[in-house]
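Below: one structure, written as structure tokens.
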Amino acid sequence: MMESLSALALFAKVVELQSFTAAARATGLSKSAVSKQVARLEDRLGARLLNRTTRRLSLTEVGATFYERAVRIIEEAEAAEAEVGSLAAAPRGRLRINAPMTFGTMHLGPAIPAFLSQYPEIEIDLSLDDRIVDLVHDGYDAAVRISTLGDSSLVARRLAPARHVICASPGYLAQHGRPAQPDDLRRHNCLAYAYRRTGAEWRVVGDDGPVAVPVHGCLRSNNGDVLMAAALAGVGVVLMPTFIAGPALAAGTLVALFEEALPDGHAIYAVYPHRRHVPPKVRAFVDFLAAQFSTVTNWEPAPAAIPPTPDH
């Protein structure tokens, strides 16, 4: 097998350099040795791969097809070898991470000390920003994103679901009434997240299925903490991920209104640039996050208890 890979690599080098002499120089072999190995490869395949003249080399039709396959095989073999080497190497160096502001402060930040304790040769440079950054252009090794991911050149690993709820404080509901159906939200002060893709619409599952409800209100912000504080103060109704609202819902300082809000398939992902060889520090960080957030019961509010039915 290794002899076959060596012959493939030598054939590819001859094609790349368009010369047996140049290929011999590049590989440290004699010209006759290179020529013999390529000839043996042709004999084994039972096909001529190269047209040889005194002045130039050219691929035959069969040779051109074989060359494309050979290059892919060589690249895969090199990637496998590099991956084994990466797994054996200790993760080290500076790791530049980007994450959403509120998720970063509430969940990622508290998890990082355990990661650094596990990998003492890694230094983390964490940037918190709710806008979507260009990882490659801005020089980030990885990012945490909360969205529905479309086609992308990034590699994405799903960490956890990101369920959303529509909620308000008991004080707000006592003053303004509780919306009985999604369309009632039109008459309420709805606090808006500035980066929401659906804009001024909230998607809610009602009795007749999913509906998109136009909403408006007195506050719009690109930060979840600001909207959370306003909702807790009784300013209005908010659409919020449970990783932010969970503790308040569990404590009763916020009340969920439509449990099946926003059926949009959002999830929390670790993303990183597509590379042939993922650095050990990135692989270690993504694996750590996957283990850390594999269970999200810490931010999902417990179901409301059902009172026992009295005996008659």
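The values are calculated or read from the model by the stated rules, or taken from the named source; none is laboratory data. Quick caveat: nothing in here was measured; it's all calculated off a predicted structure. Here the Cβ is made from the backbone with ideal geometry for all residues, glycine too, and neighbour counts use every protein chain on show.
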- Item | Condition check for Gly93: under 30 Å from Tyr140 (Cβ atoms) and either touching a strand residue (DSSP E or B) at 6+ places or on another chain (Cβ under 8 Å) or at pLDDT 90 or above (or both) | yes
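If I filter the stretch 206-230 down to residues being aliphatic (A, V, I, L, M) and in contact with a helix residue (DSSP H, G or I) (Cβ under 8 Å, 6 or more places away or on another chain), which single residue comes out as nearest to Asp183 (Cα to Cα)?
Going through the stretch 206-230, the residues aliphatic (A, V, I, L, M) turn out to be 211-213, 215, 219, 226-230.
Next, from what is left, pick out any that are in contact with a helix residue (DSSP H, G or I) (Cβ under 8 Å, 6 or more places away or on another chain): 211, 213, 215, 219, 228.
Details: Val211: 9, Val213: 6, Val215: 9, Leu219: 20, Met228: 23 Å.
Among those residues, the one meeting the criterion is Val213.
How about the stretch 178-233: which of its residues are assigned to a strand (DSSP E or B) and without any contact (Cβ under 8 Å) to a residue 12 or more places away in the chain?
Step one: of the stretch 178-233, the residues assigned to a strand (DSSP E or B) are 189-193, 201-206, 209-214, 216, 220-221.
Scanning the stretch 178-233 gives a single hit, Gly209.
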- Evaluate the stretch 186-201: report whether one residue or more is in the same structural domain as Val237 (by TED's automatic domain parsing), out of contact with any helix residue (DSSP H, G or I) (no Cβ under 9 Å at 6 or more places or on another chain) and at pLDDT 90 or above. yes
- Item | One residue from Gly177, Gly150, Gly217 being at pLDDT below 85, more than 17 Å from Pro241 (Cβ to Cβ) and among the small types (Gly, Ala, Ser) | Gly150
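Run down Thr21, Thr53, Thr27 and say which single residue is more than 21 Å from Arg72 (Cβ to Cβ), of a type in the set (Val, Ile, Thr) and touching a Lys or Arg at 6+ places or on another chain (Cβ under 9 Å). It would help to see each step written out before you state the result.
Numbers: Thr53 fails: touching a Lys or Arg at 6+ places or on another chain (Cβ under 9 Å); Thr27 fails: more than 21 Å from Arg72 (Cβ to Cβ).
When all the criteria are applied, what remains is Thr21.
For every residue, the table says whether it meets (1) surrounded by fewer than 22 Cβ atoms within 10 Å (Cβ to Cβ); (2) basic (Lys, Arg); (3) closer than 30 Å to Phe285 by Cα; (4) over 29 Å from the mean Cα position of the chain (by Cα).
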site: Leu173; (1), (2), (3), (4): yes, no, no, yes
site: Asp183; (1), (2), (3), (4): yes, no, no, yes
site: Ala200; (1), (2), (3), (4): yes, no, no, no
site: Val204; (1), (2), (3), (4): no, no, no, no
site: Pro210; (1), (2), (3), (4): yes, no, no, no
site: Ser221; (1), (2), (3), (4): yes, no, no, no
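Output the residue which, of all residues in the stretch 153-174 that are outside any strand (DSSP E or B) and at pLDDT 85 or above, is nearest to Ile268 (Cα to Cα). If you could, list the steps in order and put the result at the bottom.
In the first step, residues of the stretch 153-174 are kept if they are outside any strand (DSSP E or B); the result is 153, 162-163, 169-174.
From what's left, at pLDDT 85 or above: 169-174.
Numbers: Ser169: 26, Pro170: 29, Gly171: 31, Tyr172: 30, Leu173: 31, Ala174: 34 Å.
Filtering first and then ranking leaves Ser169.
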- Query: On the given criteria, is Arg96 closer than 30 Å to Pro161 by Cα, charged (D, E, K, R) and buried (at least 16 other Cβ atoms within 10 Å of the Cβ)?
  - Reply: yes
- Note on the structure: Of all strands (runs of 3 or more DSSP E) fully inside the stretch 1-118, the set with 1 or more residues that are within 30 Å of Ala290 (Cα to Cα) is 93-99
- Per the filter on the stretch 275-288, residues modelled with pLDDT of 90 or more and in contact with a strand residue (DSSP E or B) (Cβ under 8 Å, 6 or more places away or on another chain) are Lys281, Val282, Ala284, Phe285, Val286
- Filter pass, Ser35 being among the hydroxyl-bearing types (Ser, Thr, Tyr), exposed (fewer than 14 other Cβ atoms within 10 Å of the Cβ) and either on the phi < 0 side of the Ramachandran plot or in contact (Cβ under 8 Å) with a residue 60 or more places away in the chain (or both): no
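Counting just the residues of the stretch 242-274 that are part of a strand (DSSP E or B) and farther than 20 Å from Val205 by Cα, which one comes out modelled with the lowest pLDDT? Lay out the reasoning, then the answer.
Taking the stretch 242-274 as the starting set, the residues that turn out to be part of a strand (DSSP E or B) are 255-258, 261, 267-273.
If we keep only those that are farther than 20 Å from Val205 by Cα too, we end up with 268-273.
On the way: Ile268: 90, Tyr269: 92, Ala270: 94, Val271: 93, Tyr272: 92, Pro273: 86.
Of everything passing the filter in the stretch 242-274, Pro273 is modelled with the lowest pLDDT.
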